[in-house]
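The next block holds one structure in the form of structure tokens; read it before the comments.
The values are calculated or read from the model by the stated rules, or taken from the named source; none is laboratory data. Bear in mind the structure is a predicted one, so any value in this text is a computation, not a measurement. A quick note on method: Cβ atoms are made from the backbone with ideal geometry, for glycine too, and the neighbour counts reach across all protein chains shown.
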Amino acid sequence: MKLVLAAGSLALALGAAEWLLREFLPVRGMIYELDNRYLFRHIPGSRKLATVVGEAWPKVLVRINSAGRRGDESALPRAVHRVVVYGDSFVSAEATPEPETFAAQLTRLLNERSELTVVLNAGVTGYGIDQESLRIEDELPRLRPDLVIVAAYAGNDFGDLLRDKLYRLDDKGRLITNVPTIDDALRRDFRAPFEMSSIQIVRALQSAAEGWAMRRPGQAASPSAPQDPMAVRLANRRAEYEDYVLRGDTVVRNLLADQYDADVSLEPDSESARYRVRLMARVLERIHQLTERSGASLLIVIIPERCDVVGDCEVTQSRRRYPGYRPTGLTDALDSLAHEQGIARLNLFEPFHATGAAGLYHPLDDHWNPSGQLLAARLAADMILSSSLLRPAGGSAGR
């Protein structure tokens, strides 16, 4: 009898531990799945623990609600105004607690100074503006926002257009859609987490064991020949252009590992840079048309790449080798494209630089920290409320 009671108590304890891990500490949780239209997307209802850069153990709980967006599981509140923020990892901000994300802080600031406004976080790590354009097309008729914000990250959004292979330009410079295929190795990478044990206790033990093994002293890695990191990135950007544009390769091999847009930054007059800029112009034009058709305002928030605005790493040390480089080159390119099409834009380069940009980014990462997101939210709120961007054009009043 005692043995039965002990076994029952153990089963209850394990069950409780499993529930707690699934709800609050989902170690190695997977929140992405491949998608035929967007290449990949959030898994509705999924959760994971994200690691804050520079810390050993993940501690930020990332919750994806039933609509596939980061945030609480709740119905859309009745609001006078509705705003949707699209973007990549800067908007999804998995290493940032939800209340400190750009979208959440913008919600608070707008509600302090205007009528009830809900700001939806539609960011997905790894997304490019091309993927966001498809989601905007699909979601605006249902969401009916008054304002769409597209957060454009200057560091790699030009490159995403050629890596994702969703659009291309015809011989007259017009935007045409492309139907890419996903590489088998990339499919295996996305499938691998689902083939692990579904028991969270097992995942937690595996993760702890691997972390312990990594801390054990081992054989030192052999030194490799020094390389100019900017030269490597520049060569990679040229290769992307040649593979997709010149040779017509439509296989997608990279969805999450982005690199600096070295061609647009260092060699803005090169063929690959000019093509990326023209393609970006047409995608932004498409987004503008979609928002105008829905009756929503559009705001582009341009986020500078950390090295460009802080000026403390290899790209800013490459000026002698690359005379075409300017710290504001990437942000200026996005700003000019938006200006040419009459799109409202908030270029964060100068305010970030004036504030002391080093304190606005994670020290070991290119992403903005909560302070950077707060400053951006304040500037965005000021611009929104001092203009007509938040007019109830989408018919959201009284919803």
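Could you check region 233-266 and list, in sequence order, the residues that are buried (at least 18 other Cβ atoms within 10 Å of the Cβ), modelled with pLDDT of 95 or more and part of a loop (DSSP other than H, G, I, E, B)?
D261, the sole residue that qualifies.
On the given criteria, is G123 out of contact with any strand residue (DSSP E or B) (no Cβ under 8 Å at 6 or more places or on another chain) and crowded, with 16+ Cβ neighbours inside 10 Å?
no
What number goes with the only condition from (1) touching a residue at least 60 places away in the same chain (Cβ under 8 Å); (2) within 22 Å of V84 (Cβ to Cβ); (3) over 20 Å from the mean Cα position of the chain (by Cα) that I343 does not pass?
Failing condition for I343: (1).
So which residues in region 271-289 are crowded, with 18+ Cβ neighbours inside 10 Å and over 17 Å from G128 (Cα atoms)?
Correct list: S272 only.
Conditions first: (1) surrounded by fewer than 24 Cβ atoms within 10 Å (Cβ to Cβ); (2) part of a helix (DSSP H, G or I). A103 passes all but one, so which condition is the exception?
Among (1) surrounded by fewer than 24 Cβ atoms within 10 Å (Cβ to Cβ); (2) part of a helix (DSSP H, G or I), the lone unmet condition for A103 is (1).
Which count do you get for residues in region 106-145 that are under 30 Å from L162 (Cα atoms), among the small types (G, A, S) and either in a helix (DSSP H, G or I) or more than 19 Å from the chain's Cα centre (by Cα) (or both)?
Summing the residues that are under 30 Å from L162 (Cα atoms), among the small types (G, A, S) and either in a helix (DSSP H, G or I) or more than 19 Å from the chain's Cα centre (by Cα) (or both) in region 106-145 gives 1.
So the check is Cβ under 6 Å with 6+ separation or different chains; which pairs have a first residue in region 123-134 that's more than 14 Å from I43 (Cα to Cα) and a second one that's surrounded by fewer than 24 Cβ atoms within 10 Å (Cβ to Cβ) and at pLDDT below 95?
Hits for this filter: G126/L255; G126/L256.
With respect to V309, determine if the residue is within 22 Å of the chain's Cα centre (by Cα) and closer than 19 Å to V91 by Cβ.
Spelling it out, V309 is indeed within 22 Å of the chain's Cα centre (by Cα) and closer than 19 Å to V91 by Cβ.
Just a yes or no: is a residue in region 76-92 within 17 Å of the chain's Cα centre (by Cα), hydroxyl-bearing (S, T, Y) and modelled with pLDDT under 95?
No.
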